Amino acid sequence: MKKLLGLLLVMTLAWPVSANVLNNVELKGEIQTIASDALHDTAAGLYGSGTNYRVLAGLSAELVEDVTANVLFQYNSAWDGATAGSNLDTYWNDVNLVEANVVLSNLFDRFEVTVGRQFYGDENSAVMYFGPDHYIFNMNAAPSLDAAKLVYSDDFKAITLLAGRVNDIFTPGVTYDLYGIDAKFNLTDALNLQVYGYDAKSSIEDVKHSGFYGAKLGYAAEMGALSAEYARGFDGDRLIKESADTPYMLKVDGSLNMDAWTPRATFMYAKGEVSPFGNYRPGLLVGHVDSIYGYAAGVRMFNIGVDYTLNKWVFSLDGYSFQPRTGNEAATLEADLNVKYNHNDYVQLFAGIGYGKYGTSWKEGLNAKDNTIGQLGMLIKF
């Protein structure tokens, strides 16, 4: 990766002047700041009362026609007043390189190739996402993967092939070799189908294959949207080898467009953890402390909510119920109110308050009483 970064810098700085590189350089990134306070935090500070932030900043440069280089750096370590005025090395040790790639577009008129460190997936996916998350106080350092990605697309379909390596964000020194295919089809103007499969091998496990596969069917029209996703995991010495304990997941989402009002609902049922790469984290309390797979045996979750849009304001009210998938314990209940103010296309202010009444497993696991949390934040994108 150091060689790739060096190559990108050399290409950007030493490219012939006639290429007019400096006329095609864009600054990109975002700054997210969140202040949060929980009534009952744990000894480990899982709810994270205090202030947290993350900065992403970098450059995107079109080197020549259909060839783009991207470099993005990340800083999300708290500033230390004791080091104020120190040299840049003091801070540079806390800066991570999260994007360093070259993109070849319009290859043979249909293909796009991305090689290097990159983000990947959909932020709200329960199975696959590498990139920055938002509105979560315990925001992780945005994970990325070193990969080669090939995309073929036309009006009917988009097929992605992926091969790469990613670091385990929770276990330093552990890596996954990741291979996958993702195919999306526009069946009609409103109906779409996504089919995917990924295989991963951990650097500390002897299992040859460990991954998941699934499909998502979605309908989106002027009146609203409806989608259903089903995924299954596998683990063994053969590809897609399942056992009696194979994890699986069903997630259904629906919403209605009623002028300023948008009622919506989500149901999720999961046995075990289908994928360690998901980023679906519902709830200011439950979801922002742990992933949706908070119960060892799996989870059964209901969510009913509504959004109301008034000019630059968006008000969101949500109710959640979390239980083990067998429903043999009292449910953990949560109610959240979130407000977002879109100052313009680049700056957003947001605030939220949530109340949680814990069921047996969550109360024991988090060692907390029924809880209330509030947060304020700002998100700037450029």
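The values are calculated or read from the model by the stated rules, or taken from the named source; none is laboratory data. Just so it is clear, the model here is predicted, and its values are computed rather than measured. Every residue, glycine as well, gets a Cβ built from its backbone with ideal geometry; the counts of neighbours run over all protein chains shown. Ligands, DNA and RNA are excluded from the accessible area calculation, which covers all protein heavy atoms including side chains. Shrake-Rupley method; radii C 1.70, N 1.55, O 1.52, S 1.80 Å.
Quickly work out the residue 353-to-residue 148 label distance, labels modelled 7 Å from Cα along the C-beta direction, and quote it in nm with one decimal.
So the label points at residue 148 and residue 353 sit 5.5 nm apart.
How about the stretch 158-244: which chymotrypsin sites (Phe, Trp or Tyr not before Pro) there lie in a loop by DSSP and see at most 10 other Cβ atoms within 10 Å? If you can, show how the numbers build up before the last one.
Details: sites: 170, 176, 179, 185, 196, 198, 212, 213, 219, 230, 234; in loops: 170.
Within the stretch 158-244, the qualifying chymotrypsin sites (Phe, Trp or Tyr not before Pro) (loop, at most 10 other Cβ atoms within 10 Å) are 170.
Can you work out the Karplus-derived ³J(HN,Hα) for every residue in the stretch 236-245? Use 6.51 cos²θ - 1.76 cosθ + 1.60 with θ = phi - 60°, whole Hz, and x for glycine or proline.
Those phi angles translate into x, 8, 10, 5, 6, 8, 10, 9, 5, 9 Hz.
Which whole-Hz ³J(HN,Hα) couplings does the stretch 227-235 yield from phi under the Karplus relation 6.51 cos²θ - 1.76 cosθ + 1.60, θ = phi - 60°, glycine and proline marked x?
9, 9, 10, 10, 9, 9, x, 8, 6
So which lysines can residue 369 reach, going by Cα to Cα under 17 Å and dropping same-chain residues fewer than 8 places off?
Within reach: 357.
Give, in nm to one decimal, the length gained when the segment between residue 92 and residue 67 is fully stretched (0.36 nm per residue of separation minus the Cα-Cα distance). Mind dumping the intermediate values first?
Working: separation 25, 0.36 × 25 = 9.00 nm, distance 2.89 nm.
This chain segment gains 6.1 nm when fully extended.
Grab the Cα-Cα distance for residue 60 and residue 246, subtract it from 0.36 nm times how many residues apart they are, and report the gain in nm with one decimal. Display every interim value, and only then the final one.
On the way: separation 186, 0.36 × 186 = 66.96 nm, distance 4.22 nm.
Result for the pair: 62.7 nm of gain on full extension.
Over 19 Å between C-alpha atoms is what I'm after, so list which of 184/208; 157/216; 201/241 land there.
On the way: 184/208 28 Å; 157/216 14 Å; 201/241 14 Å.
Flagged as over cut-off: 184/208.
What figure, in Å² to the nearest 10, do you get for the accessible area of residue 288 with a 1.4 Å probe and non-protein molecules left out?
Counting only protein heavy atoms, the figure is 20 Å².
Work out which trypsin sites (Lys or Arg not before Pro) in the chain are exposed loop sites (DSSP not H, G, I, E or B, at most 12 other Cβ within 10 Å) and give the longest gap free of them.
Numbers: sites that count: 110, 238, 312, 369.
Value returned for the longest uninterrupted segment is 111-237.
Give a residue-ordered list of calculated ³J(HN,Hα) values for the stretch 101-118 (Karplus: 6.51 cos²θ - 1.76 cosθ + 1.60, θ = phi - 60°; whole Hz; x for Gly, Pro).
For the stretch 101-118, the Karplus curve yields 8, 10, 10, 9, 9, 6, 6, 6, 6, 10, 9, 10, 10, 10, 10, x, 6, 7 Hz.
Taking R0 as 56 Å, what FRET efficiency do you get between residue 157 and residue 302 from their Cβ-Cβ distance, rounded to the nearest 0.05?
Working: r = 34 Å, r/R0 = 0.60.
Using R0 = 56 Å, I get an efficiency of 0.95.
If I stretch the segment between residue 113 and residue 376 completely, what's the gain in nm (0.36 nm per residue apart, minus their alpha carbon distance), one decimal? Mind showing how you got there, number by number?
Working: separation 263, 0.36 × 263 = 94.68 nm, distance 3.93 nm.
Between residue 113 and residue 376, full extension yields 90.8 nm more.
Per residue, how much space in cubic angstrom lies within the convex hull of the C-alpha atoms of the stretch 238-382?
142
Between residue 189 and residue 35, what's the calculated FRET efficiency when r is the beta-carbon distance and R0 is 45 Å? Round to 0.05. All intermediate terms of the calculation are to be shown ahead of the outcome.
On the way: r = 43 Å, r/R0 = 0.96.
Result of the calculation: an efficiency of 0.55.
Name the long-range amide H neighbours of residue 224: under 5 Å, sequence gap of 5 or more, or other chain; modelled H, no Pro or chain starts.
Here 257 satisfy the definition.
So what does the Cα-only Debye profile of the chain read at q = 0.08 Å⁻¹, as log10 I(q)/I(0), no solvent term?
Relative scattering, expressed as log10 I(q)/I(0), comes to -0.47.
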